[in-house]
Amino acid sequence: DKAGHKHFMAKEIAEQPRVIGEALRFYLSGEGDTIRLPGEGIDFTAIDRLSMVACGTAFYACMTAKYWFEQLAGLPVDVDIASEFRYREPPIPARTMALFVSQSGETADTLAALRYCEGKAARIVSVVNVAESSIARESDLALPIMAGAEIGVASTKAFTCQLTVLLLLALEAAHQRGRISQEELSDHLSALRSLPVALNAALDLSGKIKNAARKLSESTDVLFLGRGLMYPLALEGALKLKEISYIHAEAYASGELKHGPIALIDKTMPVVVMAPRDALFDKTVSNMQEVMARGGKVMLITDAEGEAEASDQTWQVLVMPRIDAVLTPILYALPAQLLAYHTAVAKGTDVDQPRNLAKSVTVE
Ligand code: M6R
């Protein structure tokens, strides 16, 4: 049931404020200022590092979480693509927690990576959507993301729910390890509780994104740029666009622009820049200027402060609500998804069942 939407993907994008609210209700205590993990929980003082493994969009959720665990909790993190990890057979130091992220819980490479860690990692934890899946069953602890069934092949609400649960884990790790006070934890959690309101405001940009997407649908190549927490999201935005619109898209960390991809810039290639006004914003502005000086068309996704500082030479600016900096990947995922969605609709591709793709990749 598409609940009045044209596609499951549109329905699932629109559901995000609600399902993220549900994940928060599941993981936060009555007062909303304590994180409550199911089962026996996780002792983050008993581990020295985290090894995160996943595929596709779930891998980008892990890449995002690496910034959170390292910056908030001071916990070193390795992030691997499951198909690489399983055959590289990396050494797993003692006191490593292995963390697997999978919507379906049945991805063959992720499951094989999990089995490789059995008997090696101190603890095997998974973040899954399908509670009765193989990955959930074979983990010491399975954490649900509460997204509900995801039908569209392009993952949307599962991604933002994965991010929400991973951020809660990073905050819990930071608190247990004495890196943030109860007061700081409460501040982050209160910002998280107001996230659904900001997500609704982001959904309201759909009409504007639809107009921009009409133009984007005429391009053959699109570049996504982001720094820090926006870098994994740039990768996710590019993956979403190529999956459903079949437009070639790739993403780079903004700082890598002059190390190669700038050679591609001309007036035919739109560049999507995701950049809330944060400590790295000035650097991103100078990257944008490099693009525009070469005739590149920039679509900037930022907040009101960022808009005020950006050049008026930008092709499009999408203004997002301003929120706690750690939450920006969850919020900025929505315009990335909407951009891919409206571009695919403008091209007339099969949004929910893109060619050559399966919802769950249970074979190598
Ligand atoms: O079920 P999983 O989360 O393990 O699936 C991983 C990837 O196959 C999946 O995220 C894929 O990249 C999606 N099509 C992304 O939209």
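Condition test on Phe59, is it part of a strand (DSSP E or B) and within 16 Å of the ligand (Cβ to nearest atom)?
No: the conditions fail for Phe59.
Matching residues to (1) within 25 Å of Ala58 (Cα to Cα); (2) of a type outside the set (Lys, Arg):
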| position | (1), (2) |
| --- | --- |
| Ser245 | yes, yes |
| Lys258 | no, no |
| Pro261 | no, yes |
| Lys267 | no, no |
| Val273 | yes, yes |
| Ala279 | no, yes |
| Lys283 | no, no |
| Ser286 | no, yes |
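Within the set of pairs 6+ apart or on separate chains, which have a first residue in the stretch 79-92 that is farther than 21 Å from Gly105 by Cβ, a second that is of a type in the set (Phe, Trp, Tyr), and C-beta atoms under 8 Å apart?
That search, which allows pairs on different chains as well, returns Glu89/Tyr116.
Regarding the stretch 136-143, can at least one residue be identified that is away from the ligand (no atom under 11 Å from the Cβ), in contact with a Phe, Trp or Tyr (Cβ under 9 Å, 6 or more places away or on another chain), among the hydroxyl-bearing types (Ser, Thr, Tyr) and over 29 Å from Gly237 (Cα atoms)?
For the stretch 136-143, residues away from the ligand (no atom under 11 Å from the Cβ), in contact with a Phe, Trp or Tyr (Cβ under 9 Å, 6 or more places away or on another chain), among the hydroxyl-bearing types (Ser, Thr, Tyr) and over 29 Å from Gly237 (Cα atoms): present.
Checking the condition away from the ligand (no atom under 16 Å from the Cβ), at pLDDT 95 or above and in a loop (DSSP other than H, G, I, E, B), which residue from Asp78, Asp43, Asp33 passes?
On inspection, the qualifying residue turns out to be Asp43.
Out of the residues in the stretch 264-292 that are surrounded by fewer than 15 Cβ atoms within 10 Å (Cβ to Cβ) and of a type in the set (Lys, Arg), which is nearest to Ala198 (Cα to Cα)?
Lys283
Pick out the one residue from Met9, Met52 that is of a type outside the set (Ser, Thr, Tyr), within 16 Å of the ligand (Cβ to nearest atom) and under 15 Å from Val165 (Cα atoms).
Among Met9, Met52, only Met52 is of a type outside the set (Ser, Thr, Tyr), within 16 Å of the ligand (Cβ to nearest atom) and under 15 Å from Val165 (Cα atoms).
Within the stretch 307-329, is there a residue that is within 30 Å of Ile180 (Cβ to Cβ), more than 23 Å from the chain's Cα centre (by Cα) and not β-branched (Val, Ile, Thr)?
Yes, the stretch 307-329 contains at least one residue that is within 30 Å of Ile180 (Cβ to Cβ), more than 23 Å from the chain's Cα centre (by Cα) and not β-branched (Val, Ile, Thr).
The values are calculated or read from the model by the stated rules, or taken from the named source; none is laboratory data. Please read all numbers here as calculations on a predicted model, not as lab measurements. No Cβ is skipped: glycine too gets one built from the backbone with ideal geometry, and neighbour counts run over all protein chains shown.
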